[in-house]
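Okay, so here's the structure we're looking at.
Every number in this text was worked out from the coordinates using simple rules, so none of it is lab data. All figures in this text were calculated on a predicted structure; none of them were measured in a lab. Cβ atoms come from the backbone with ideal geometry, glycine included; neighbour counts cover every protein chain shown.
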């Protein structure tokens, strides 16, 4: 038997341990209550301001009438020799600020030096003529809405990938038609790409809106080779200009952000019901980076870390900190939404950019959201941080297309380009097209018998219409987003020579 003194020591240690456990349990319980009260209070504030907090409020019914969406998504293309993997590039930069007019070329090469021709494109298009004709007709249906069954993270959106494939086929067809001088047909194809975006226009899901943005950024550059053909009449150009003037990417993206806030609440509730799903969320959230996870896990083997997370970290988060995490999730998402709304109102990405950059600092190393307490916020919010910026940038590209088309219409009528974009008003545009990246008019200057037209790009800084110095780049990768000039005959000859050598 233990001596009385030793028994007294063990008893004191046991009492001390029990007191420590009670203190920790009491602290965790208070954190839970505090988080729940703060969350409910903030939710009431949002509702009082008219915010919608349930996903069902963002789902609108499919309009009545013949809906071509199912038939559209069921179309199947036969693989082509050139289309779509080896399609001619709409823009092929061959010198700073200069692009090759691919529709004037007889051939082009892939990265391995394999040669392709317009005859191969025609063969691919002929093989898929029936499908393409159906596609062009269906996108003009009165109703075009894919019937999505929303089930949170399990929602299936099979039509999104198909949309991009269809847009790529229409892209190849548009370039071929420009090459052959079929301007009306090319405009039909460009318009069809834009009309494809109707399929997901009312889907309150960010990925759906990002696909719509991608489709618009496929369509807009096709205006460039069409304008370089100088074969379009004013009425044809006016029709094409109206196509891009009608595009709205910002509004639906904001709705998707709002719905994402509601979806985030649903995800939090699911995590509280099933802690086992925390592991996948944690992997995407903090990795677990040793500088961001609980210090007690430092230097532990990965198997031990995972066991501690599953047995201690996740249950503690679920019980004590999940409600506070949910409140922070709503707060950070609301900041993105408010910034997007402000950017839309002012037609400037300044607020959206600032909000995205601020969030990036918060979730970064040693940021205030790097703590494991905000596991869900750090994982769920950043995915939509720059969505509104992307929408504003794509909207700007539509305005660049509108301005470029209006400039060509001015040239047709006055036999020269204007000294400033102001000369386009009101004959060709109602106002000077806005650069949504900074809220100012698009930049423009004459350059000999050509012009330079540009947006300040994602950094919001005007670099004077500076494009990337290397050749072979995308027009959106320079300091500014610059609508390129056609390359000179000497530049084209040098490019052809380099291709033949390769």
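Any idea what % of Cα-Cα pairs in segment 320-361 are farther than 12 Å?
60 percent
Divide by every residue of the chain the summed helix terms, -39500 (n - 2.57) for each DSSP H run of at least 4, and state the resulting mean residue ellipticity at 222 nm, rounded to the nearest 500 deg cm²/dmol.
-17500 deg cm²/dmol
Only bridges whose two residues both fall in the chain count here: according to DSSP, what percent of them are antiparallel, nearest 5?
85 percent
Report, to two decimal places, the Cα Rg of segment 142-226 normalised by 2.2 N^0.38 Å (N = number of residues).
Rounded to two decimals, the normalised Rg is 1.20.
In 10 Å bins starting at zero, report the fraction of Cα pairs in segment 208-277 per bin as a rounded %.
Histogramming segment 208-277 at 10 Å steps yields 16, 30, 21, 15, 10, 7, 1 percent.
Residue 89 to residue 422: FRET efficiency via 1/(1 + (r/R0)^6), r the Cβ-Cβ distance, R0 41 Å, to the nearest 0.05?
The value I calculate is 0.75.
Using alpha carbons only, what's the Rg to Rh ratio of segment 402-447 with Rh from Kirkwood?
Computed over Cα atoms, the ratio is 0.96.
Using Cα pairs closer than 8 Å and at least 6 residues apart in sequence, work out the relative contact order for the chain, in percent.
18 percent
Please report the spacing between the Cα centers of segment 315-385 and segment 211-240 in Å, no decimals.
37 Å
What does the extension gain come out to for residue 56 and residue 466, with contour length at 0.36 nm per residue minus their alpha carbon separation?
Contour length minus Cα-Cα distance gives 143.0 nm.
Let me know the volume per residue of the alpha-carbon convex hull for segment 1-158, in Å³.
Cα convex hull per residue, to the nearest whole number: 399 Å³.
Mean projection of the alpha-carbon convex hull of segment 53-101 over all orientations, in nm²?
Value for segment 53-101: 8.6 nm².
How much length is gained on full extension from residue 36 to residue 229, taking 0.36 nm per residue of separation minus their Cα-Cα distance?
In short, 63.1 nm is gained.
Would you mind checking the radius of gyration and Dmax of segment 92-212 based on alpha-carbon positions, in Å?
Values for segment 92-212 (Cα only, Rg and Dmax): 17.2, 50 Å.
Taking just the C-alpha trace of the chain, give me its Rg and Dmax in Å.
28.3, 111
Once the Cβ-Cβ distance between residue 13 and residue 164 is put in as r, and R0 is 56 Å, what FRET efficiency do you end up with, to the nearest 0.05?
The computed FRET efficiency comes out at 0.25.
Measuring from a point 7 Å past the Cα of residue 411 along Cα-to-C-beta, which residues in segment 435-469 have an amide N at less than 20 Å?
442-455, 465-467
Over 10 Å intervals from 0, what percent of Cα-Cα pairs in segment 353-502 sits in each interval?
In whole percents, the pair-distance histogram is 10, 29, 26, 18, 11, 5, 0.
Assuming R0 = 41 Å, what is the FRET efficiency of residue 66 and residue 239, from their Cβ-Cβ distance, to the nearest 0.05?
Once the sixth-power term is evaluated, E becomes 0.95.
In what order do 437, 268 fall by count of nearby beta-carbon atoms within 10 Å, going from fewest to most?
268, 437
For segment 1-91, what is the Kirkwood estimate of the hydrodynamic radius, computed as the reciprocal of the mean inverse distance between distinct Cα atoms, to one decimal in Å?
About 21.9 Å for segment 1-91.
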